[in-house]
Amino acid sequence: MIRTFKADLIITNDGPPLRNGYVDVNSEGVIVSIGEESSSSNITEVSGIITPGFVNSHCHLELSHLKGKVKERTDGMSGFIKGLFAERFSSSDEEMAQAMFLADKEMHDEGIVAVGDISNFDISLPIKQKSSIYYHTFVEVVGQDPSKADDILEKAMLLRDEYIFNTKGSASVVPHAPYSMSRALISAVNKEAFHKSRPVSIHMQESDDEFLFCKDKSGPLSEFFLGLGLNIRVFDNISDACPMLNTLPLLTDCKPLMMVHNTLTTAAQIDIATALHNDLYWCLCPNANNYITGRLPHLCIYNNDELKVTVGTDSLASNHRLSILDELKTIAAAHPEIPFERLIKWATINGAEFLGIDKKFGKIKAGMTPGLVQIDNVNIENLVLNGEGKSKLINWL
Ligand SMILES: [Zn+2]
């Protein structure tokens, strides 16, 4: 059976937005046709606008049980990590599973159809097996001691294969961040990416603490690592250059490569980075930045079509909800000059391209299965996102 949805505006990412448009969908969710008319007798009017399903490019599903447990804006990045460590293993397996189940459902209902999800363990595997969301799992490696790099990578490759063989989605091994990895481990991930482990993401330039530690092993992160009993003397990814420009030359085979957070990244650094690496994505997670440090990235830098920008929610340890629309509202409130259509592109097709799933997701186009999202409370004439607006996945069955 074919269902037809009509809306005042449909953003397709495949040509200009369609005013008073119709989209026909079959029972498998495949777009049958889209245009200014429909011969269907089974038409449902949708208030607001229709967009392709959202792609959440950065999440940590396995931290969902930490919702509300790590205090907001406490001593910057190192304070957040301290809080995270204190609570991370405080819940039972059942509590963690239930929290992940609810987080997955929340994302689905809000209109998220695909997720790039960081995992350190296999606890999210059963949720991903059953979910109707497409998951690409980023198996994340951490380790400051260069002598342990090979062992860490080997374990991560086994976990990656477990996700590949046991879920419908895909998986790759990825580095955590410049401050938590030896150069040997970063290079090992790069070598693995060259063979088969792509796409790749890395947390990047999220806080002042990261800059201090990567410059001369000083600052609050240094104290935190020492408190954990780590031997930071062996940590070698240090330089006067910023963490991104110091680390990027080790990641040239990671293509595509997504920088996550970019809170302190400047336009000049981005110019150099794009000269060093020709397949970069920039992931914005503004609500997590607000939660952890209270500081947003320089969002105006990204308001162009040259940079490939994506949007992520990060985890419920550092966010109140896993809602891509809430992330877009925060960006739009801080920078109303960023066009609404561009925000939708960041939240849909760019993430789909990064994850390599843009033949199915990211565009409302015949033959694709992007999922359809209804966003209400949008000023259709000026395309302004209203703070009260809500998004939801349209049920085509
Ligand atoms: Zn993260």
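Condition first: within 16 Å of the ligand (Cβ to nearest atom) and within 18 Å of the chain's Cα centre (by Cα). Can you find one or more residues in the range 338-348 that meet it? Looking through the range 338-348, none of the residues is within 16 Å of the ligand (Cβ to nearest atom) and within 18 Å of the chain's Cα centre (by Cα). Contact map, the range 167-194: residues that are closer than 16 Å to F213 by Cβ paired with residues that are surrounded by fewer than 24 Cβ atoms within 10 Å (Cβ to Cβ) and of a type in the set (F, W, Y), Cβ distance under 7 Å, separation 6+ or inter-chain. Pairs shown: S182/F235. Going through the range 195-219 one residue at a time, which ones are touching a Leu at 6+ places or on another chain (Cβ under 8 Å) and not charged (D, E, K, R)? Within the range 195-219, P199, V200, S201, I202, Q205, S207, F211, L212, F213, S218, G219 meet the criteria.
Scanning the range 309-324 for residues that are away from the ligand (no atom under 12 Å from the Cβ) and within 13 Å of the chain's Cα centre (by Cα) yields V309, T310, V311, L322, S323, I324. Filtered by the rule that a residue be over 18 Å from D14 (Cα atoms) and of a type in the set (G, A, S), the range 365-397 gives G387, G389, S391.
Among the residues of the range 23-62, those that are acidic (D, E) and crowded, with 16+ Cβ neighbours inside 10 Å comprise D24, E62. Evaluated against (1) small (G, A, S); (2) at pLDDT 95 or above; (3) crowded, with 24+ Cβ neighbours inside 10 Å, S207 falls short on exactly one condition, (2).
The rows are residues; the columns are (1) part of a loop (DSSP other than H, G, I, E, B); (2) within 20 Å of L280 (Cβ to Cβ); (3) out of contact with any strand residue (DSSP E or B) (no Cβ under 8 Å at 6 or more places or on another chain).
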{"residue": "I123", "(1), (2), (3)": "yes, no, yes"}
{"residue": "P126", "(1), (2), (3)": "no, no, yes"}
{"residue": "Q129", "(1), (2), (3)": "no, no, yes"}
{"residue": "V139", "(1), (2), (3)": "no, no, no"}
{"residue": "Y163", "(1), (2), (3)": "no, no, no"}
{"residue": "K168", "(1), (2), (3)": "yes, no, no"}
{"residue": "S172", "(1), (2), (3)": "no, yes, no"}
{"residue": "I186", "(1), (2), (3)": "no, yes, no"}
{"residue": "S197", "(1), (2), (3)": "yes, yes, no"}
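Within the range 287-298, the presence of a residue that is among the aliphatic types (A, V, I, L, M), buried (at least 20 other Cβ atoms within 10 Å of the Cβ) and more than 16 Å from the ligand (Cβ to nearest atom) is excluded. Say whether the condition of being in a helix (DSSP H, G or I), within 16 Å of the ligand (Cβ to nearest atom) and not assigned by TED's automatic domain parsing to the domain that holds L393 is met by at least one residue in the range 44-59. Checked the range 44-59: no residue is in a helix (DSSP H, G or I), within 16 Å of the ligand (Cβ to nearest atom) and not assigned by TED's automatic domain parsing to the domain that holds L393. Answer with yes or no whether F80 is within 16 Å of the ligand (Cβ to nearest atom), without any contact (Cβ under 8 Å) to a residue 60 or more places away in the chain and not assigned by TED's automatic domain parsing to the domain that holds K6. No; evaluated as a whole, the condition is false for this residue.
One line per residue, one yes/no per condition, for (1) modelled with pLDDT under 95; (2) touching a helix residue (DSSP H, G or I) at 6+ places or on another chain (Cβ under 7 Å); (3) assigned by TED's automatic domain parsing to the domain that holds I133:
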| position | (1), (2), (3) |
| --- | --- |
| D305 | yes, no, yes |
| I324 | no, yes, yes |
| P336 | yes, no, yes |
| R342 | no, no, yes |
| K345 | no, no, yes |
| M368 | no, no, no |
| E381 | yes, no, no |
| N386 | yes, no, no |
| N395 | yes, no, no |
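In the range 115-135, of all residues being within 16 Å of the ligand (Cβ to nearest atom) and touching an Asp or Glu at 6+ places or on another chain (Cβ under 7 Å), the one that is nearest to L393 (Cα to Cα) corresponds to Y135.
Every test in (1) touching a Phe, Trp or Tyr at 6+ places or on another chain (Cβ under 7 Å); (2) within 16 Å of the ligand (Cβ to nearest atom) is passed by T263 save one, and that test is (1). Of the candidates A99, A114, the single residue that is of a type in the set (A, V, I, L, M, F, W, C), touching a residue at least 40 places away in the same chain (Cβ under 8 Å), surrounded by fewer than 24 Cβ atoms within 10 Å (Cβ to Cβ) and assigned by TED's automatic domain parsing to the domain that holds L343 is A99.
Within the range 195-207, take every residue that is touching a Lys or Arg at 6+ places or on another chain (Cβ under 9 Å) and more than 16 Å from the ligand (Cβ to nearest atom) and give me the one that is farthest from K148 (Cα to Cα). Spell out how you get there, then give the answer.
Of the range 195-207, the ones touching a Lys or Arg at 6+ places or on another chain (Cβ under 9 Å) are 197-200, 207.
Now restrict to residues that are more than 16 Å from the ligand (Cβ to nearest atom): 197-198.
On the way: S197: 20, R198: 22 Å.
If we take residues in the range 195-207 being touching a Lys or Arg at 6+ places or on another chain (Cβ under 9 Å) and more than 16 Å from the ligand (Cβ to nearest atom), then R198 is farthest from K148 (Cα to Cα).
With the condition kept exactly as written, say whether any residue in the range 366-374 is away from the ligand (no atom under 16 Å from the Cβ) and without any contact (Cβ under 8 Å) to a residue 60 or more places away in the chain. No, the conditions are met nowhere in the range 366-374.
In summary, helices (runs of 4 or more DSSP H) completely within the range 322-397 and bearing 1 or more residues that are closer than 15 Å to I49 by Cβ occur at 324-334, 340-347.
The values are calculated or read from the model by the stated rules, or taken from the named source; none is laboratory data. Predicted model only: the values in this text are computed from it and were never measured. Counting neighbours? That spans all protein chains shown, and the Cβs are built from the backbone with ideal geometry, glycine included.
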